[in-house]
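Below you'll find the structure I mean.
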Amino acid sequence: MDANGISRRKFLQTAGLAAAALSAGGSAERAGASTADNNGLSDYDRYDGLGLATLVSKRQVSTQELFETARQRVEQLNPAINAVVYRMYDEAATAISAGLPSGPFTGVPYVLKDLGVLYAGTVTSSGSGAFRNWVADHDSEMVVRLKRAGLVIMGKTHSSEFGLSTSSESRLFGVTRNPWNREYSAGGSSGGSAAAVAAGIIPMAYATDGGGSIRIPASCCGLFGLKPTRARTPMGPDVGERWSGLGCAHAITRSVRDSAALLDATSGADVGDPYSAPMPKRPYLAQVGAPTGRLRIAFTTKPWNGHAVDAECVAAVDAAAKLCDSLGHHLEEAAPAIDEAARGKAVGVIVTSQVRATLQRAARILGREATAEDVESVTWAYSEYARQFSGSDYAAAIDAVHRSGRAVGRFFTRYDLLLTPTMCTPPHKLGVLSMMRPDIDAFHAVLFGDIGFTALFNSTGNPAMSVPLHWSSDGLPVGVQFVAPFGDEATLFRLASQLEAARPWADRRPERTL
């Protein structure tokens, strides 16, 4: 038996392997995937990534058996939610055959997001038809580090086109459905990653965040999502930063400790990076379960852009504040004072200009100028909007973004953390955030509610996390966001593990109706 009380035989049986193969000590490869049924895989997703790695290290299950189990789950569950858009089974099998490095996650199945990260020999479409045939000839540094950690990378997940929407809906791949209710969005732009984890296909998944794209899908799918400090993880070798420092990369996980261990495995500057985040004093995994001390936590339910906030999201913050108070922390209503109009205008200049630059890169791949037919309506509108801006406009936008960072930095000289809703509303119905909507103003009316609490901290670079502590009366997850001073993921991990122990969420799962 392992530490969770599940024997190797039971694990393999629940992975849907043939009884005859089990009695003969057969592997998953010999037994095949055909014997699996939808109800027979439950124990696999009772483990987080570190738990699966422990099974492998103790030889209670093999890497091949884990891979076959994850592959079965993709084939069985993915058709209902459309989370995994590229299968990388051959690449995974080759890596296993070659022998995996010894790392914290050796043998654990993993998926990449189809945006912002390259795996040699595979397509990175960025959710766009303009890049549907673009194959990378090298690995991103993040992939190098993920492989070094021993992960078995076996697929890529759905993203909105270029990560521009907070719902993973694209003309290229369709819609990703929320496992909690398939009529609703799984969030975005890392919605495919969140849906894959929430459905139990995979214990954790790669994600990126340029305005909330880790935290928002984590909120929508009842998961833990940490956006690290700016430059905590590398973007190279192709770029030094994304969206002028707004973008970063990490993961969406079920457990806090998986997020910490993944950040330990992937963080740190790469050769040639333009700047780096402050070095942590201890490994992040060592912060999980460590004493928090009495924290000074500010809270607010008022977004800086003035968007209305749903009562469920207010209730989520109220409950989280009461929980933190019961754990001995000091709570006080307060928020940083931001010139949100100036910051929002500046981000608009940066993002739309970056979209235009991306379409210019697409032209080199397509062998012709990109047209409106190559991309979705919102993407094309952003590219056209950027025509009006000059180089001096872009420089002024960078200055405005940096001013917001100064204001938030001063705020955190008085408080250890800030608590807010993650989103202004619970998850949306699918279609509301389709980037093929002709009415851009209507699209923005919804989008700005989703990012009303999250996007500021992409501008400032602060680490922030969405924690699944609340569910709506309709049974949909509603996350709360905690933000820390620049460079202080350690405090977030300490508090997150305290909250995880006080209000466990790992066993709260969608109904098995996929």
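Go through the range 127-146 residue by residue and tally those that are out of contact with any Leu (no Cβ under 8 Å at 6 or more places or on another chain) and either under 21 Å from residue 379 (Cβ atoms) or among the basic types (Lys, Arg) (or both).
Going through the range 127-146 one residue at a time, the tally reaches 4.
Checking the condition more than 19 Å from residue 187 (Cβ to Cβ), among the polar types (S, T, N, Q) and surrounded by 24 or more Cβ atoms within 10 Å (Cβ to Cβ), which residue from 466, 473, 459, 497 passes?
Being more than 19 Å from residue 187 (Cβ to Cβ), among the polar types (S, T, N, Q) and surrounded by 24 or more Cβ atoms within 10 Å (Cβ to Cβ) holds for just one of 466, 473, 459, 497, which is 459.
Given the condition in contact (Cβ under 8 Å) with a residue 12 or more places away in the chain, surrounded by fewer than 21 Cβ atoms within 10 Å (Cβ to Cβ) and either closer than 22 Å to residue 422 by Cα or among the polar types (S, T, N, Q) (or both), answer yes or no: does some residue in the range 376-392 qualify?
yes
Quick check, is residue 348 among the small types (Gly, Ala, Ser) and either in contact with a strand residue (DSSP E or B) (Cβ under 9 Å, 6 or more places away or on another chain) or at positive phi (or both)?
no
Can you tell me which of (1) in contact with a Phe, Trp or Tyr (Cβ under 6 Å, 6 or more places away or on another chain); (2) in a helix (DSSP H, G or I); (3) of a type outside the set (S, T, N, Q); (4) under 19 Å from residue 143 (Cβ atoms) is the one residue 260 doesn't meet?
Of the numbered conditions (1) in contact with a Phe, Trp or Tyr (Cβ under 6 Å, 6 or more places away or on another chain); (2) in a helix (DSSP H, G or I); (3) of a type outside the set (S, T, N, Q); (4) under 19 Å from residue 143 (Cβ atoms), the odd one out for residue 260 is (4).
Test of understanding: among 93, 130, which residue is crowded, with 20+ Cβ neighbours inside 10 Å and over 18 Å from residue 266 (Cβ atoms)?
Just a single option satisfies the conditions, and that option is 130.
Report whether or not residue 125 is assigned to a loop (DSSP other than H, G, I, E, B) and either over 21 Å from residue 263 (Cβ atoms) or in contact (Cβ under 8 Å) with a residue 60 or more places away in the chain (or both).
Spelling it out, residue 125 is indeed assigned to a loop (DSSP other than H, G, I, E, B) and either over 21 Å from residue 263 (Cβ atoms) or in contact (Cβ under 8 Å) with a residue 60 or more places away in the chain (or both).
In the range 34-61, which residue that is among the polar types (S, T, N, Q) and modelled with pLDDT of 95 or more is surrounded by the fewest Cβ atoms within 10 Å (Cβ to Cβ)?
Restricting to residues being among the polar types (S, T, N, Q) and modelled with pLDDT of 95 or more, the top hit is 57.
Out of all the residues in the range 299-316, is one or more charged (D, E, K, R), closer than 27 Å to residue 54 by Cα and in contact (Cβ under 8 Å) with a residue 24 or more places away in the chain?
Taking every residue of the range 299-316 in turn, none turns out to be charged (D, E, K, R), closer than 27 Å to residue 54 by Cα and in contact (Cβ under 8 Å) with a residue 24 or more places away in the chain.
Ok, one more. Looking at the structure I just gave you, is residue 431 closer than 30 Å to residue 174 by Cβ, at pLDDT 95 or above, in contact with a Ser or Thr (Cβ under 7 Å, 6 or more places away or on another chain) and surrounded by fewer than 24 Cβ atoms within 10 Å (Cβ to Cβ)?
When the stated conditions are applied, residue 431 does not pass them.
To continue, here is another question. Look at residue 369 and say whether it is at pLDDT 95 or above, surrounded by 12 or more Cβ atoms within 10 Å (Cβ to Cβ) and of a type in the set (D, E, K, R).
no
Listed residues 292, 266; which is more than 22 Å from the chain's Cα centre (by Cα), within 27 Å of residue 221 (Cβ to Cβ), of a type in the set (Ser, Thr, Tyr) and buried (at least 17 other Cβ atoms within 10 Å of the Cβ)?
Matching residue, one of 292, 266: 292.
Suppose we keep only residues that are free of Cβ contacts under 8 Å to residues at least 60 places away in the same chain and not in a loop (DSSP other than H, G, I, E, B) within the range 94-110. Which one would you say is farthest from residue 201 (Cα to Cα)?
98
Now for a separate question. Is there any pair linking a residue in the range 433-454 that is of a type in the set (A, V, I, L, M, F, W, C) to one that is modelled with pLDDT under 95 and in a loop (DSSP other than H, G, I, E, B), with Cβ under 7 Å and at least six apart or on different chains, and which?
Once the first residue is of a type in the set (A, V, I, L, M, F, W, C) and sits in the range 433-454, its partners that are modelled with pLDDT under 95 and in a loop (DSSP other than H, G, I, E, B) give 443/437.
Within the set of pairs 6+ apart or on separate chains, which have a first residue in the range 471-495 that is of a type in the set (Lys, Arg), a second that is assigned to a loop (DSSP other than H, G, I, E, B), and C-beta atoms under 6 Å apart?
494/290; 494/292
The values are calculated or read from the model by the stated rules, or taken from the named source; none is laboratory data. No experiment lies behind these values; they were computed from the predicted model shown. Cβ: placed from backbone, ideal geometry, glycine included. Neighbour counts: every protein chain shown.
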